[in-house]
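Undergrad: Questions regarding the structure given below will be posed in turn.
The values are calculated or read from the model by the stated rules, or taken from the named source; none is laboratory data. The structure displayed is predicted, hence computed values, not measured ones. All Cβ positions, even for glycine, are placed from backbone atoms using ideal geometry, and neighbour counts span all protein chains on display.
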């Protein structure tokens, strides 16, 4: 499963928030992170205590992050194959793209399903820009709903506009940090239902 | 929910003709309809024409295609059909406009094909999304939007 989106939209934070939910549901996960020239995101996950550090692998793109998830995903396929060989019980491998622009998409040779994460702090016009990432992903996540009033964004309006431009494809609003999280169960349900083909209790 | 994990062959193959013909008479050939873009998927959950929710989970070395046979039993079959694809046909005014148009479409990662001197762009979202992006080229006359029969639209 791919997780893409702009720099700072909260992709790694969302993974950190989802891992305990996957754990509760008995979904075995591993993570491949993509960074430009560092292993920053992988180290953050490895140090977080949420997941066995051996289940986190870093790919250094060395170029525009979309090149290794779309044009030539060989490095990521190899990383995922390696994780699958080392942990045969895995149900799900999360492949986090390096932060990129709204045109970033995943090759379906690499992932079976992908979500795109944007956040309200980037401005309320992001959905209207209709980048391929926003239009083509299987699930659009709009993160950091809690900061909307502080950045002069109407959270209900940005969600409604995103649903309009995506013509019925799923959009979930999210707050993945803090005492009161929002949307995480819905995101985990979407992954369980649409990707893992599990029954989800309504 | 039934999960289909392999492609048995093509529905057009002679060896399946009699069985499928027989099932079709009994209205027992169900269809999964996919867009051209969704053919690249190996794992998806979808409703068939008969209203059944099914899942497809193919190994990485298999790809869906028009006519892919997902199930063939004594009393039923399941076949993949691809929805007709829509294309926008664009005629560049001259070589310079053709270069600009080609660069522009490539930059946006649009899927294209060439037909004589025209460039055709596959409509994978909504047509107006493409036309809005092309507005500048169309307005200055560098590119003309043609209808399916090649006439200016």
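Undergrad: Quick one: in the stretch B:1-34, of everything that is within 14 Å of another protein chain (Cβ to nearest Cβ) and part of a loop (DSSP other than H, G, I, E, B), which residue is farthest from residue B:70 (Cα to Cα)? Walk me through how you get there before you give the answer.
TA: From the stretch B:1-34, those within 14 Å of another protein chain (Cβ to nearest Cβ) are B:1-5, B:34; that's our starting set.
Add one more test, that the residue is part of a loop (DSSP other than H, G, I, E, B), and what stays is B:1, B:5.
On the way: B:1: 14, B:5: 8 Å.
My answer is B:1.
Undergrad: Could you grab me the full set of residues in the stretch A:92-107 that are free of Cβ contacts under 8 Å to residues at least 60 places away in the same chain and crowded, with 18+ Cβ neighbours inside 10 Å?
TA: A:107, the sole residue that qualifies.
Undergrad: Would you say residue A:156 is within 14 Å of chain B (Cβ to nearest Cβ) and surrounded by fewer than 17 Cβ atoms within 10 Å (Cβ to Cβ)?
TA: Judged against the criteria, residue A:156 is not a match.
Undergrad: Take residue B:37 and tell me if it is touching a residue at least 60 places away in the same chain (Cβ under 8 Å) and within 12 Å of chain A (Cβ to nearest Cβ).
TA: yes
Undergrad: Continuing with this model, one more query. Can you tell me how many residues within the stretch A:35-58 are in contact (Cβ under 8 Å) with a residue 24 or more places away in the chain and under 19 Å from residue A:86 (Cβ atoms)?
TA: Summing the residues that are in contact (Cβ under 8 Å) with a residue 24 or more places away in the chain and under 19 Å from residue A:86 (Cβ atoms) in the stretch A:35-58 gives 8.
Undergrad: Could you count how many residues in the stretch A:117-130 are buried (at least 20 other Cβ atoms within 10 Å of the Cβ) and either in a loop (DSSP other than H, G, I, E, B) or away from chain B (no Cβ under 14 Å) (or both)?
TA: 6
Undergrad: If I go through the stretch A:135-152 residue by residue, how many of them are surrounded by 21 or more Cβ atoms within 10 Å (Cβ to Cβ) and at the interface with chain B (Cβ under 10 Å from one of its Cβ atoms)?
TA: Going through the stretch A:135-152 one residue at a time, the tally reaches 2.
Undergrad: While we're looking at this one, here's another question. With within 22 Å of residue B:42 (Cβ to Cβ) and without any contact (Cβ under 8 Å) to a residue 24 or more places away in the chain as the only criterion, which of A:89, A:72 stands out?
TA: A:72
Undergrad: Next question, about the same structure. Would you say residue B:78 is touching a residue at least 40 places away in the same chain (Cβ under 8 Å), over 18 Å from the mean Cα position of the chain (by Cα), under 23 Å from residue A:113 (Cβ atoms) and not assigned by TED's automatic domain parsing to the domain that holds residue B:134?
TA: Yes, satisfied.
Undergrad: Pairs please, first residue from the stretch A:147-160 and on the phi > 0 side of the Ramachandran plot, second anywhere and surrounded by fewer than 11 Cβ atoms within 10 Å (Cβ to Cβ) and assigned to a helix (DSSP H, G or I), Cβ atoms under 8 Å, 6+ apart in sequence or on different chains.
TA: none
Residue by residue, here is whether (1) surrounded by 14 or more Cβ atoms within 10 Å (Cβ to Cβ); (2) part of a helix (DSSP H, G or I); (3) in contact with a helix residue (DSSP H, G or I) (Cβ under 9 Å, 6 or more places away or on another chain) holds:
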residue	(1), (2), (3)
B:78	yes, no, no
B:84	no, no, no
B:88	yes, no, yes
B:104	yes, yes, yes
B:113	no, no, no
B:124	yes, no, yes
B:133	yes, yes, yes
B:141	no, no, yes
B:145	yes, no, yes
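Undergrad: Here is a follow-up. Name the single residue, out of those in the stretch B:52-70 being in a strand (DSSP E or B) and over 10 Å from residue B:32 (Cβ atoms), that is nearest to the other protein chains (Cβ to nearest Cβ).
TA: B:55
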